[in-house]
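Trainee: A single structure is presented below for examination.
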Amino acid sequence: MATIGLVAAAVTGLGAGVANAQETPPPVATITNLTGQSTSVKLDSGFVEALGSLGVAPGPSGNAKIADGSASFPITGGNVTVYKPGDVNPYVQGSIKHEGSGLTLTKGDTKVTLDNFVIDPGDPAILTGRVSAGGKVVAESTTLFDLNGSTLKPISVDSSAGTATLTGTTVTLNSGAAEALNGAFSTDALKGGTVIGIATIVVNTKSGDMPMPSGGVETGGGSTSGIEDSGLIVAGGVLLLGAAGAVAVSRRRAGSRS
């Protein structure tokens, strides 16, 4: 009887596993190895003014660039999987890496550097990165910004250029990063939830095992919890603040939540 019971339990478990597997719909597109393009953040004017009032000067680090009110960071790796909006939440999943670029925030003799950004579009969607102060690494990887994908616009695909563009994700300062930055710059002015800017991510699609279809994928009314593969910054949340940083989306196993 014990043996029969074990077999029955195993069969039941197998059946449940099959059912769960069937609950996850197939993706619309998959890019297993991101090979280039960038994540940029259009800095919010209120954020820029707040930094100025604190005497904090933002600047680019490594391969990052700051121009015309936007900070951009080259994408150096990662992966992205896109589902039909509503089938899986977030519908854009994966991980977007930005090795070798970031931001610096400087006030007098105090300099904080945020770099090596990675975007995780899970629930909640976040952007992590390395934080250094005084030339020493304070944290190899910590949460810098929160990503709100409810404002994300439909994905735009340019077949001739071989690129996909995701824009509209709102980047806000993580509460932990705000606290750390306040401590570094001896202030209490930085608050969690402060809007840093709006992110735009451009990725190459030609390396995909299942390239995105022409026209892209509509976002519908749901939240992606971030953007697909692009991203950036923070904990020295300060740094990101200082320049703009971040976004994108991706990394959470498909079907992790419905």
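Trainee: Filter region 58-99 down to residues that are of a type outside the set (Lys, Arg), at pLDDT 90 or above, open to solvent by 40 Å² or more (accessible area, probe 1.4 Å) and in a strand (DSSP E or B), then give me how many there are.
Mentor: Within region 58-99, residues that are of a type outside the set (Lys, Arg), at pLDDT 90 or above, open to solvent by 40 Å² or more (accessible area, probe 1.4 Å) and in a strand (DSSP E or B) number 7.
Trainee: Name the single residue, out of those in region 111-148 being in contact with a strand residue (DSSP E or B) (Cβ under 7 Å, 6 or more places away or on another chain) and acidic (Asp, Glu), that is farthest from residue 58 (Cα to Cα).
Mentor: 120
Matching residues to (1) open to solvent by less than 10 Å² (accessible area, probe 1.4 Å); (2) modelled with pLDDT under 95; (3) more than 13 Å from the chain's Cα centre (by Cα):
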site: 119; (1), (2), (3): yes, yes, no
site: 127; (1), (2), (3): yes, no, no
site: 130; (1), (2), (3): no, no, yes
site: 149; (1), (2), (3): yes, yes, no
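Trainee: Another question, if that's okay. So which residues in region 77-102 are under 18 Å from residue 141 (Cα atoms) and touching a residue at least 40 places away in the same chain (Cβ under 8 Å), if there are any at all?
Mentor: Going residue by residue through region 77-102, those that are under 18 Å from residue 141 (Cα atoms) are 77-78, 94-102.
Passing the criteria: 77, 78, 94, 95, 96, 97, 98, 101, 102.
Trainee: So for region 32-41 (the condition being assigned to a loop (DSSP other than H, G, I, E, B), within 22 Å of residue 111 (Cα to Cα) and open to solvent by 10 Å² or more (accessible area, probe 1.4 Å)), does at least one residue qualify?
Mentor: Applying the first criterion (assigned to a loop (DSSP other than H, G, I, E, B)) to region 32-41 yields 32-36.
Filter once more, so that each one left must be within 22 Å of residue 111 (Cα to Cα): none.
No, there is no match, as no residue in region 32-41 is assigned to a loop (DSSP other than H, G, I, E, B), within 22 Å of residue 111 (Cα to Cα) and open to solvent by 10 Å² or more (accessible area, probe 1.4 Å).
The values are calculated or read from the model by the stated rules, or taken from the named source; none is laboratory data. Every value quoted in this text rests on a predicted model; they were computed, and no experiment measured them. Please note: Cβ atoms are built from the backbone with ideal geometry, for glycine as well, and neighbour counts cover all protein chains shown. For the accessible areas, the whole protein counts, side chains as well, though only heavy atoms, and no ligand, DNA or RNA atoms are used. Shrake-Rupley method; radii C 1.70, N 1.55, O 1.52, S 1.80 Å.
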